[in-house]
Amino acid sequence: MGIIRDSTGHVHLAYQVALCIGTSVLAELTAIWRGLELTLTHGLAPLVVEVDATVVILLLQFRIFGKWEVQHLITRIVRLQQLLVADIQHIFREANGAADHIANEAASLQLNRVLHHNDITGVSEEVAAGFGNNGTTLGAD
């Protein structure tokens with residue numbers, strides 16, 4: 001439920017993870033974790049992670065582990081964040097339209113998949129264009 005693009009806005013990957021049950025915080029953390037793993041696998045660092053959920057940013061910045069359901073995800077994200085030297089930043093929901101589109105599609109179709117640049121349908125290049133300029137941007141939702 002996110003997009004991995006470079007600082008020029010070129011989309012490298014988009015990914016979808018179907019969540020059967022859970023909260024919005026669990027969905028956001030899952031999206032970030034999956035995106036960081038894909039970034040590591042494909043060698044797309046340095047990285048700026050843009051998240052539109054303030055509560056998730058606070059959980060990660062202050063290492064607040066919250067409920068047991070998310071503790072393992074926060075631990076994994078923190079380790080990957082340190083390994084990739086990833087910066088996590090807030091982005092307004094209005095600027096996160098492409099990730100929202102992909103997340104909604106994954107939820108409605110129960111999809112688990114990684115899409116490469118040529119596979120992405122339904123998301124225009126204008127929407128999928130990057131907003132960051134410090135290396136790879138992972139827009140998670």
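Throughout, read-outs are computed from the coordinates displayed, never taken from laboratory work. These numbers were taken from a predicted model, which means no experiment stands behind them. A quick note on method: Cβ atoms are made from the backbone with ideal geometry, for glycine too, and the neighbour counts reach across all protein chains shown.
Under a 5 Å amide H to amide H cut-off, with H placed in plane at 1.01 Å, what residues pair with Q89 once short-range neighbours are removed?
The list, which skips near neighbours in sequence, is V49, E50, V51.
Using a simple spin-label model with points 7 Å from Cα along the Cα→Cβ vector, what separation in nm is obtained for Q82 and A18?
The two pseudo-label positions are separated by 3.5 nm.
Please state, as a whole number in µm²/s, the translational diffusion coefficient that the Stokes-Einstein equation yields for the stretch 3-91 at 10 °C and 1.306 mPa s, with Rh defined as the Kirkwood radius across alpha carbon pairs.
This corresponds to a translational diffusion coefficient of 119 µm²/s.
Compute the Rg to Rh ratio over the stretch 49-88 from the alpha carbon atoms, using the Kirkwood formula for Rh, and round to two decimal places.
0.94
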